[in-house]
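Asks: Quick one: structure below, then a few questions.
The values are calculated or read from the model by the stated rules, or taken from the named source; none is laboratory data. Nothing here was measured: the structure is a model prediction, and the numbers come from that model. Please note: Cβ atoms are built from the backbone with ideal geometry, for glycine as well, and neighbour counts cover all protein chains shown.
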Amino acid sequence: MGQKKNSVKILMTSIALCAFVAAMNWVWGCQSVDGAKPPVSVSRALSKDGLIEQPAKLTGQSERMLPKTQFVISYNDERKCPNYVCWSLTPQRLQGRVERTEKFYADTTLEESVRVDYYDYRNSGYDRGHMCPAADNKNSEEGMSESFLMTNICPQDRDLNANEWNDLEQRCRAWARKGNTLYICCGPIFDTEGVKKIGVRKNMKVAVPDRFFKVVLTLGEEPKAIGFIFPNRPCDGGLDAYAVSVDEVEEETGMDFFHILEDAEEDKLEAAFSLNEWGME
């Protein structure tokens, strides 16, 4: 009888040990590649915690939130383009083999009165400029398809789209491949109220941005952040010529980035940037 009790005791101890190991693996697995807490899932984009990459709620302008599977859009009904698009770029997202679709299409989550379609950009002289790039969604067919939604698009100068903007997108992917999760937000900047508009339909005119911004944050052992502002026209010089602090992007856009970080950490990261730390010198 004593031998049987000992066997049961050993079995129960083994089960408890296995459960503990499984629990620890789950906890460790919840850490991102660079040691930071993982971003909140897109399904919680409008929750109390919010996403690391999502700015604070905008004030004084039209905004409706459109969470997608791999990025979040803040859409402006009046301008018919996004206020911003934000996403977390992990090394895993870049390992996919999903082919680029090249099929731009209307976002049917919007009512027709504010729903831009691909043909609204015809003969405008502007590219359909991605905010969240297609190549950042190669791990997901749905994510790739959603990257061609017109709610993820802005009228963008063709030279800018093909050169500096594309160069920065590639640079971000290179940073992420080093094992860092990047928290990214980008979008248009409108300097004047009387903005230029395009569109083939009388009641469907899309505002043309004067400039574009992008902010990038990585956490872990060496947290750092950097911003970029480009004019919506052909640009001269390399990416370093358009690099700025996150604070400067906030001043130009009126947005509050990375606001769910601790205040002291946020202030330090946003106040300055180092080209050398980002491998740009």
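Asks: Which residue, of L89, L149, is within 17 Å of V216 (Cα to Cα) and either surrounded by fewer than 17 Cβ atoms within 10 Å (Cβ to Cβ) or under 20 Å from the mean Cα position of the chain (by Cα) (or both)?
Replies: Just one listed residue meets the conditions, L89.
Asks: Also, I was wondering about something else. Of everything in the range 189-238, what is touching a strand residue (DSSP E or B) at 6+ places or on another chain (Cβ under 9 Å) and of a type in the set (D, E)? Give them in sequence order.
Replies: D191, D210
Asks: Pick out the one residue from G220, G199 that is at positive phi, surrounded by fewer than 18 Cβ atoms within 10 Å (Cβ to Cβ) and of a type outside the set (V, I, T).
Replies: Working: G199 fails: surrounded by fewer than 18 Cβ atoms within 10 Å (Cβ to Cβ).
Only one candidate qualifies: G220.
Asks: A further question on this structure: From G129, G125, which residue is crowded, with 19+ Cβ neighbours inside 10 Å and either in the same structural domain as K205 (by TED's automatic domain parsing) or closer than 21 Å to V216 by Cα (or both)? Walk me through how you get there before you give the answer.
Replies: Numbers: G125 fails: crowded, with 19+ Cβ neighbours inside 10 Å.
When all the criteria are applied, what remains is G129.
Asks: Same structure again: Go through the range 29-72 residue by residue and tally those that are modelled with pLDDT under 50, within 20 Å of S140 (Cα to Cα) and either part of a strand (DSSP E or B) or hydrophobic (A, V, I, L, M, F, W, C) (or both).
Replies: The total comes to 4.
Asks: Which count do you get for residues in the range 152-170 that are crowded, with 22+ Cβ neighbours inside 10 Å, assigned to a helix (DSSP H, G or I) and among the acidic types (D, E)?
Replies: Total satisfying the criteria: 1.
Asks: Can I ask one more? Taking the range 202-217, which residues are in contact with a helix residue (DSSP H, G or I) (Cβ under 8 Å, 6 or more places away or on another chain) and crowded, with 24+ Cβ neighbours inside 10 Å?
Replies: F212, F213, V215, V216, L217
Asks: Can you work out which of the residues in the range 181-196 that are under 20 Å from the mean Cα position of the chain (by Cα) and under 18 Å from Q61 (Cβ atoms) is surrounded by the most Cβ atoms within 10 Å (Cβ to Cβ)?
Replies: Pass one, the range 181-196, residues under 20 Å from the mean Cα position of the chain (by Cα): 181-190.
Remaining after also requiring under 18 Å from Q61 (Cβ atoms): 185-190.
Working: C185: 30, C186: 26, G187: 23, P188: 25, I189: 17, F190: 18.
Selected residue: C185.
Asks: Which residues, counting only those in the range 92-113, are over 26 Å from V216 (Cα atoms) and not in a loop (DSSP other than H, G, I, E, B)?
Replies: Across the range 92-113, the qualifying residues are Y105, E112, S113.
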